[in-house]
Amino acid sequence: MINFEGMKISELKVQFPVFISKWENGKDVRFPNGENTKDVKKRMINFCKKLSKELGNLSINKSILIVTHNVFLRCLLGHFYAIDIKKWHLIKIKHLKEIKFIFFKNNLIPDIDRKTQFELLKNTYD
């Protein structure tokens, strides 16, 4: 069975050009033994609901550290900023980039300055 985990885009383009072509043309490709963007979005929404419930039950303010991967963060930001799901892969998050969120009225809201927001999302603008 094919496993794309850990492969670079350049390697995938050579070995599996059909998958990459579909993906680059806006198709929500489910990679073998993996997920597509809609799958990750569904997981992200479920996570946010559970987190909101837990945070809503706290009677004091606390800081919580959540470590995740780039795809999950792109889904979270794409969903929050109402970016077309076909463009979420264009959100550019540098490796080890810290992104803070605040919990306000049962929602996670990115706490990002305008300059950083532009750098992250500039490729998604029409």
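The values are calculated or read from the model by the stated rules, or taken from the named source; none is laboratory data. Computed from a predicted model, the values in this text were never measured in an experiment. For neighbour counting, all protein chains shown are included, and Cβ atoms are generated from backbone atoms with ideal geometry for every residue, glycine included. Please note that ligands, DNA and RNA were not included when accessible areas were found on the heavy atoms of the full protein model with its side chains. Shrake-Rupley method; radii C 1.70, N 1.55, O 1.52, S 1.80 Å.
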Task: Residue, modelled with the highest pLDDT, within the range 13-29, restricted to residues that are among the aliphatic types (A, V, I, L, M) and closer than 23 Å to Lys41 by Cα - done: Val29
Task: Where a residue in the range 11-40 is at positive phi and its partner, wherever it lies, is surrounded by 12 or more Cβ atoms within 10 Å (Cβ to Cβ), with Cβ under 6 Å and at least six apart - done: Gly26/Lys86
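Quick one: which of Leu51, Leu55 is in a helix (DSSP H, G or I), in contact with a strand residue (DSSP E or B) (Cβ under 8 Å, 6 or more places away or on another chain), surrounded by 13 or more Cβ atoms within 10 Å (Cβ to Cβ) and modelled with pLDDT of 85 or more?
Answer to the selection: Leu51.
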Task: Residue under evaluation Phe80, criteria (1) under 13 Å from the mean Cα position of the chain (by Cα); (2) under 26 Å from Lys8 (Cβ atoms), criterion not met - done: (2)
TODO: State all residues of the range 73-126 that are in contact with a helix residue (DSSP H, G or I) (Cβ under 7 Å, 6 or more places away or on another chain) and of a type in the set (D, E, K, R); if no residue qualifies, say none.
DONE: Arg74, Lys87, Lys92
- [ ] Identify all residues within the range 65-86 that are at pLDDT below 90 and farther than 13 Å from Lys38 by Cβ; write none if there are none.
- [x] Leu65, Ile66, Val67, Thr68, His69, Asn70
- [ ] Among the candidates Lys22, Lys41, single out the residue that is of a type outside the set (Asp, Glu), open to solvent by 70 Å² or more (accessible area, probe 1.4 Å) and assigned to a helix (DSSP H, G or I).
- [x] Lys22
Task: Which numbered condition Asp28 misses (of (1) exposed (fewer than 14 other Cβ atoms within 10 Å of the Cβ); (2) of a type in the set (Asp, Glu); (3) in a loop (DSSP other than H, G, I, E, B)) - done: (1)
Task: the range 86-126, residues that are of a type in the set (Val, Ile, Thr), surrounded by 11 or more Cβ atoms within 10 Å (Cβ to Cβ) and touching an Asp or Glu at 6+ places or on another chain (Cβ under 7 Å) - done: none
